[in-house]
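Beneath this line is the structure, given in structure tokens, with notes to follow.
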Amino acid sequence: MNRKRFISSLRKRFSLRLHMTLILLATSMAGVLASKLLLLLGLHNVALRYPITVLCAYLVFFVAIKIWLWLMTDAPVSTGNFAANNLLGNLDFPLPGGGTGPSFAGGGGGFGGGGASGDFAGNLGEVGSGTGNALGGVGDVLGDAVGGAVDDEGGLALVIVLALLAVLLLSVLGVGIFLVWQGPAILTEAAFDSVLAASLVRSTKRMKEPDWLGSVFKATWKPFAIVFALALVSGSAIHHYLPQATRVLDVIHMVC
């Protein structure tokens, strides 16, 4: 089986960044549900609940990748052929510039970034400017609130907690953007390794676990480790400085 041909064919047929976005949405929802479930079970200590939530979300991420692989490789793999399931095929749609996934990606598994036109960049700049103004207004409100909190007892602790939560939120957004951008590489490598490993299992009966687990873990463990570490630090700070807070909303209510 030719790796380059396999990956190129998969990238041309599907909007893999859209697929990764859906996978990450499922991961995020699973994290939220896990946190709520742990809270209902009586785990109010956010220093423990936040890191556990990240681990649960990471586990669901692998489950979602496995489901994606199952949908994408539903043809017999012993022949080395690759068949795309109609369900995921229906998720692809024409983009403004024409085509589907390839308009976002370069060829053959690289990520040189070609795919954004000058018009798109201009529109993005206008959107970014409007978003920046909106965020600036929110920042002013939070700044006034935090400024008032600093004058009160425990205000510095509240500022520290808010800063850590902001860093955690930015890290989650950054990891999401990174994984969506790298989605074609992650998914195509996982698909190829899964099909190849399954073929070897059929032929040699020696391989028991598909290699896609290793390839996905290698590509994603560092971003998730960053989020895990920040969740641990921010949760520990909330538990130490604001032990009465069991949710992020509790911290926000203290500011407001």
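The values are calculated or read from the model by the stated rules, or taken from the named source; none is laboratory data. This structure is a prediction, so every number in the text was calculated from the model and none was measured. Heads up, the Cβs are rebuilt from the backbone with ideal geometry, glycines too, and the neighbour counts pull from every protein chain shown.
Among the residues making up region 218-256, those that are within 19 Å of Val180 (Cβ to Cβ) and either of a type in the set (A, V, I, L, M) or in contact (Cβ under 8 Å) with a residue 40 or more places away in the chain (or both) are Ala219, Thr220, Pro223, Phe224, Ala225, Ile226, Val227. Which members of region 170-189 meet the condition of being under 23 Å from Leu213 (Cβ atoms) and of a type in the set (Gly, Ala, Ser)? Residues satisfying the conditions are Gly176, Gly183, Ala185. So, of the residues in region 35-47 that are in a helix (DSSP H, G or I) and without any contact (Cβ under 8 Å) to a residue 24 or more places away in the chain, which turns out to be farthest from Val180 (Cα to Cα)? In this case the residue turns out to be Leu40. For region 138-256, the helices (runs of 4 or more DSSP H) that sit wholly inside it and include 1 or more residues that are modelled with pLDDT under 80 are 155-181, 183-204, 248-255.
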